Amino acid sequence: MLRSVAVLTSFAALMAATAQAQDHRVEIGAVAGWTASDGVSGPGIIAGDGNAYNSIEPKDAFSYGVDIGFFLTEHWEIGGLFDQQKSKLQITGPSNTIEIGDMSVDNYHGIITYNFGDSSSKARFYVLGGAGATHYGSVPFTTLLGQSRETNGHTQFSTTWGAGAKLYPGHNVGLKLGVRWTPTYVKSDYAGWWCDPYWGCYVTTNAQYSNQFEFSGGLSFRF
């Protein structure tokens with residue numbers, strides 16, 4: 001009897017140790033930070049205030065987001081993220097900048113993450129890449145004549161690329177620090193003609209992207 005109890009106790013201890021050492025399969029993160037943004041430029045125009053303006057862009061602002069990942073292996077993780085920047089739309093020129101109104105910039109991306117080190121490590125560095133869409137929300141504003149107007153929202157294809165570190169002082173809860181770059185295609189400008197003896201002549205363009213550079217920190221929960 002005592003021998004059977006000893007065997008069962010040893011088996012239970014072994015199972016507990018195995019469960020403790022088992023890799024985590026799901027990870028959920030919540031972060032907040034600051035996003036530096038730029039926009040696109042175009043031909044200069046003279047506005048009603050007499051100043052010239054030649055670019056439009058979101059203002060640098062606070063941002064926050066959530067993400068979820070599923071571990072395929074100890075290192076490879078697939079998932080998705082949502083991120084929102086609470087910004088303002090502004091137009092700029094050589095001598096002046098005007099804020100048009102409040103605007104939210106939302107990012108929706110599927111991502112693939114590679115985590116360095118062992119799953120049991122207290123600190124893991126990571127790199128990620130993904131693709132999805134960036135939505136520029138509508139902007140309410142008031143004209144110089146006092147009329148209330150609102151711009152239309154717009155959604156464009158974008159990619160996202162990031163790196164950072166995950167620190168785990170506890171078993172399931174950790175800290176997440178990261179930087180992320182999100183370039184969003186906005187438009188293409190006419191750049192001229194290109195002629196080739198075989199293919200003939202065709203119009204060439206220069207693509208313009210609106211870039212977001214996010215610096216964030218938050219919590220990471222793994223199960």
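State whether one or more residues within the range 136-158 are β-branched (Val, Ile, Thr), under 30 Å from Trp76 (Cα atoms) and surrounded by 14 or more Cβ atoms within 10 Å (Cβ to Cβ). Explain how you work it out, then say what you get.
As a first pass, look at the range 136-158 and keep what is β-branched (Val, Ile, Thr): 139, 142-143, 151, 155.
With under 30 Å from Trp76 (Cα atoms) added as a condition, the list becomes 155.
Now restrict to residues that are surrounded by 14 or more Cβ atoms within 10 Å (Cβ to Cβ): none.
Among the residues of the range 136-158, not one is β-branched (Val, Ile, Thr), under 30 Å from Trp76 (Cα atoms) and surrounded by 14 or more Cβ atoms within 10 Å (Cβ to Cβ), which makes the answer no.
Would you confirm, using the coordinates I've provided, whether Ala61 is over 22 Å from Ser148 (Cβ atoms), of a type outside the set (Ser, Thr, Tyr) and surrounded by 15 or more Cβ atoms within 10 Å (Cβ to Cβ)?
On the way: over 22 Å from Ser148 (Cβ atoms): yes; of a type outside the set (Ser, Thr, Tyr): yes; surrounded by 15 or more Cβ atoms within 10 Å (Cβ to Cβ): yes.
It is true that Ala61 is over 22 Å from Ser148 (Cβ atoms), of a type outside the set (Ser, Thr, Tyr) and surrounded by 15 or more Cβ atoms within 10 Å (Cβ to Cβ).
Among the residues of the range 25-37, write down those that are surrounded by 17 or more Cβ atoms within 10 Å (Cβ to Cβ) and either more than 16 Å from Leu175 (Cα to Cα) or not aliphatic (A, V, I, L, M) (or both). Give the derivation first.
Step one: list which residues in the range 25-37 are surrounded by 17 or more Cβ atoms within 10 Å (Cβ to Cβ), which gives 27, 29, 31, 33, 35, 37.
Result: Glu27, Gly29, Gly33, Thr35, Ser37.
Just a yes or no: is a residue in the range 123-133 surrounded by fewer than 15 Cβ atoms within 10 Å (Cβ to Cβ), free of Cβ contacts under 8 Å to residues at least 60 places away in the same chain and among the charged types (D, E, K, R)?
no
Tell me yes or no: at least one residue of the range 62-70 is closer than 19 Å to Phe141 by Cβ and either free of Cβ contacts under 8 Å to residues at least 60 places away in the same chain or touching a Cys at 6+ places or on another chain (Cβ under 9 Å) (or both). It would help to see each step written out before you state the result.
Quick first cut of the range 62-70, residues closer than 19 Å to Phe141 by Cβ only: none.
No: the range 62-70 contains no residue that is closer than 19 Å to Phe141 by Cβ and either free of Cβ contacts under 8 Å to residues at least 60 places away in the same chain or touching a Cys at 6+ places or on another chain (Cβ under 9 Å) (or both).
Name the one entry in Ala52, Ala61, Ala21, Ala32 that is modelled with pLDDT under 85, touching a Ser or Thr at 6+ places or on another chain (Cβ under 9 Å), closer than 30 Å to Leu128 by Cα and not charged (D, E, K, R). Talk me through it step by step, then tell me what you get.
Details: Ala52 fails: closer than 30 Å to Leu128 by Cα; Ala61 fails: modelled with pLDDT under 85; Ala32 fails: modelled with pLDDT under 85.
Only one candidate qualifies: Ala21.
If I ask for residues that are out of contact with any strand residue (DSSP E or B) (no Cβ under 7 Å at 6 or more places or on another chain) and in contact (Cβ under 8 Å) with a residue 60 or more places away in the chain, which ones from the range 42-56 would you list?
Gly48, Asp49
Residue by residue through the range 150-161, note down the ones that are under 27 Å from Ser220 (Cα atoms) and either more than 15 Å from the chain's Cα centre (by Cα) or of a type outside the set (S, T, N, Q) (or both).
Step one: of the range 150-161, the residues under 27 Å from Ser220 (Cα atoms) are 158-161.
Trp161, the sole residue that qualifies.
Take the residues in the range 162-202 that are under 20 Å from Arg222 (Cβ atoms), loosely packed, with under 12 Cβ neighbours inside 10 Å and in contact with a strand residue (DSSP E or B) (Cβ under 8 Å, 6 or more places away or on another chain); name whichever of them is modelled with the highest pLDDT.
Val173
Somewhere in the range 83-98, is a residue assigned to a loop (DSSP other than H, G, I, E, B) and either of a type in the set (D, E, K, R) or closer than 21 Å to Phe215 by Cβ (or both)? Full working, then the answer.
Start the filter on the range 83-98 by keeping residues that are assigned to a loop (DSSP other than H, G, I, E, B), which leaves 93-96.
Right, trim to either of a type in the set (D, E, K, R) or closer than 21 Å to Phe215 by Cβ (or both) and you get none.
Looking through the range 83-98, none of the residues is assigned to a loop (DSSP other than H, G, I, E, B) and either of a type in the set (D, E, K, R) or closer than 21 Å to Phe215 by Cβ (or both).
The values are calculated or read from the model by the stated rules, or taken from the named source; none is laboratory data. These numbers come from a predicted model, not from an experiment. Every residue, glycine as well, gets a Cβ built from its backbone with ideal geometry; the counts of neighbours run over all protein chains shown.
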